[in-house]
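The following block contains the structure, expressed as structure tokens.
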Amino acid sequence: GAGVSQSPRYKVAKRGQDVALRCDPISGHVSLFWYQQALGQGPEFLTYFQNEAQLDKSGLPSDRFFAERPEGSVSTLKIQRTQQEDSAVYLCASSLVTGTSGTNEQFFGPGTRLTVL
Amino acid sequence: SQQGEEDPQALSIQEGENATMNCSYKTSINNLQWYRQNSGRGLVHLILIRSNEREKHSGRLRVTLDTSKKSSSLLITASRAADTASYFCATPEYGNKLVFGAGTILRVKS
């Protein structure tokens, strides 16, 4: 399909386990965003890429969270030594380009629901 | 942290009725966006209103923006069961990342 895809859709991890979440943005989209959505809350920003450059990682909650987009297309969000508080839905979004006015629509993937036991 | 708050937190109406959701935000904005989220289609962009606009329409959606009160409202007219979803307002910060409110859960009963 032409939309943003994410895999896996569901992930159950034991506390302390490392996980990797994948995002395939819409082809040609320069900007890629990761958000974390806790149950009953709105999405919260984690990090942002423009092509392969990670321009903002201010939302990453700890140094256990790491994101990359080495070729400016697919992105991976890695969480090391998962904790129960990491349980959430992780959303990826992409947009064509991001100007200073922030008017470009972000297209969201279906998310990965991570449950840490 | 969340940008602001939506109210009500939850809303239950009958099919055919109108639904109004409100959003407040904290900082100066260039635009405000509304998104819908349901289990079937994920998070979908509905409408964007710029800071120099006061009202905008798209189909059955009407959005207003009052920058002096730092608030916005989303009106869905003639609601349908398929409108059942969570609705979020979001504002771009530093031109790129979106800051979302906590959302309003809308249930439309048929």
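The values are calculated or read from the model by the stated rules, or taken from the named source; none is laboratory data. Everything quoted here is computed from the prediction, not taken from an experiment. Using ideal geometry, Cβ is built from the backbone for each residue, glycine included, and neighbour counts are taken over all protein chains shown. Just the protein is used for accessible areas: all its heavy atoms, side chains included, with ligands, DNA and RNA removed. Shrake-Rupley method; radii C 1.70, N 1.55, O 1.52, S 1.80 Å.
In this structure, does A:THR82 turn out to be outside any loop (DSSP other than H, G, I, E, B), more than 14 Å from chain B (Cβ to nearest Cβ), of a type in the set (Val, Ile, Thr) and surrounded by 14 or more Cβ atoms within 10 Å (Cβ to Cβ)?
no
Determine which member of the set A:LEU117, A:LEU91 is farther than 19 Å from A:GLY28 by Cβ, within 11 Å of the chain's Cα centre (by Cα) and aliphatic (A, V, I, L, M).
Values: A:LEU117 fails: within 11 Å of the chain's Cα centre (by Cα).
So the residue among A:LEU117, A:LEU91 that is farther than 19 Å from A:GLY28 by Cβ, within 11 Å of the chain's Cα centre (by Cα) and aliphatic (A, V, I, L, M) is A:LEU91.
Which is open to solvent by 60 Å² or more (accessible area, probe 1.4 Å) and modelled with pLDDT of 95 or more, of A:PHE66, A:PHE107?
Answer to the check: A:PHE66.
For segment B:86-102, which residues satisfy the criterion of being open to solvent by 10 Å² or more (accessible area, probe 1.4 Å) and over 20 Å from A:LYS57 (Cα atoms)?
Initial filter on segment B:86-102 (open to solvent by 10 Å² or more (accessible area, probe 1.4 Å)): B:86, B:92-94, B:96-97, B:99, B:102.
B:SER86, B:ALA102 - these are the residues of segment B:86-102 that are open to solvent by 10 Å² or more (accessible area, probe 1.4 Å) and over 20 Å from A:LYS57 (Cα atoms).
This table checks each residue for (1) farther than 30 Å from B:ALA85 by Cα; (2) part of a loop (DSSP other than H, G, I, E, B); (3) open to solvent by less than 60 Å² (accessible area, probe 1.4 Å).
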residue: A:ARG15; (1), (2), (3): yes, yes, no
residue: A:ARG22; (1), (2), (3): no, no, no
residue: A:ILE26; (1), (2), (3): no, yes, yes
residue: A:GLN36; (1), (2), (3): no, no, yes
residue: A:THR47; (1), (2), (3): no, no, yes
residue: A:SER62; (1), (2), (3): yes, yes, yes
residue: A:SER73; (1), (2), (3): yes, yes, yes
residue: A:LYS78; (1), (2), (3): no, no, no
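Look through segment A:67-86, keep the residues that are in contact with an Asp or Glu (Cβ under 9 Å, 6 or more places away or on another chain) and of a type in the set (Asp, Glu), and return whichever of them is farthest from A:ALA20 (Cα to Cα).
Filtering segment A:67-86 for residues that are in contact with an Asp or Glu (Cβ under 9 Å, 6 or more places away or on another chain) and of a type in the set (Asp, Glu), the one farthest from A:ALA20 (Cα to Cα) comes out as A:GLU71.
Name every residue in segment A:32-54 that is over 10 Å from the mean Cα position of the chain (by Cα) and touching a residue at least 40 places away in the same chain (Cβ under 8 Å), in order of residue number.
If the condition is that a residue be over 10 Å from the mean Cα position of the chain (by Cα) and touching a residue at least 40 places away in the same chain (Cβ under 8 Å), then A:GLN37, A:ALA38, A:LEU39, A:PRO43, A:GLN50 are the ones that fit.
Same structure, new question: Among B:ARG50, B:ARG36, B:ARG60, which is within 14 Å of another protein chain (Cβ to nearest Cβ) and surrounded by fewer than 17 Cβ atoms within 10 Å (Cβ to Cβ)? Let's see the steps before the verdict.
Working: B:ARG36 fails: surrounded by fewer than 17 Cβ atoms within 10 Å (Cβ to Cβ); B:ARG60 fails: within 14 Å of another protein chain (Cβ to nearest Cβ).
That would be B:ARG50, the only listed residue that is within 14 Å of another protein chain (Cβ to nearest Cβ) and surrounded by fewer than 17 Cβ atoms within 10 Å (Cβ to Cβ).
Yes/no matrix, rows are residues, columns are (1) aromatic (Phe, Trp, Tyr); (2) in contact (Cβ under 8 Å) with a residue 60 or more places away in the chain:
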residue	(1), (2)
A:SER5	no, yes
A:TYR10	yes, yes
A:LEU21	no, yes
A:VAL30	no, yes
A:ASP56	no, no
A:SER62	no, no
A:PHE66	yes, no
A:SER75	no, no
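Could you list, in sequence order, the residues of segment B:71-102 that are assigned to a loop (DSSP other than H, G, I, E, B) and modelled with pLDDT under 95?
Within segment B:71-102, B:TYR94, B:GLY95, B:ASN96, B:GLY101, B:ALA102 qualify.
Another question, then. Considering segment B:57-110 alone, what residues qualify as being basic (Lys, Arg) and either touching a residue at least 12 places away in the same chain (Cβ under 8 Å) or farther than 30 Å from A:PHE49 by Cβ (or both)?
Within segment B:57-110, B:ARG60, B:ARG62, B:LYS69, B:LYS70, B:ARG80, B:ARG107, B:LYS109 qualify.
Can you name the condition, by its number, that A:GLY40 falls short on among (1) farther than 23 Å from B:CYS89 by Cα; (2) out of contact with any strand residue (DSSP E or B) (no Cβ under 8 Å at 6 or more places or on another chain)?
Against the list (1) farther than 23 Å from B:CYS89 by Cα; (2) out of contact with any strand residue (DSSP E or B) (no Cβ under 8 Å at 6 or more places or on another chain), A:GLY40 comes up short only on (1).
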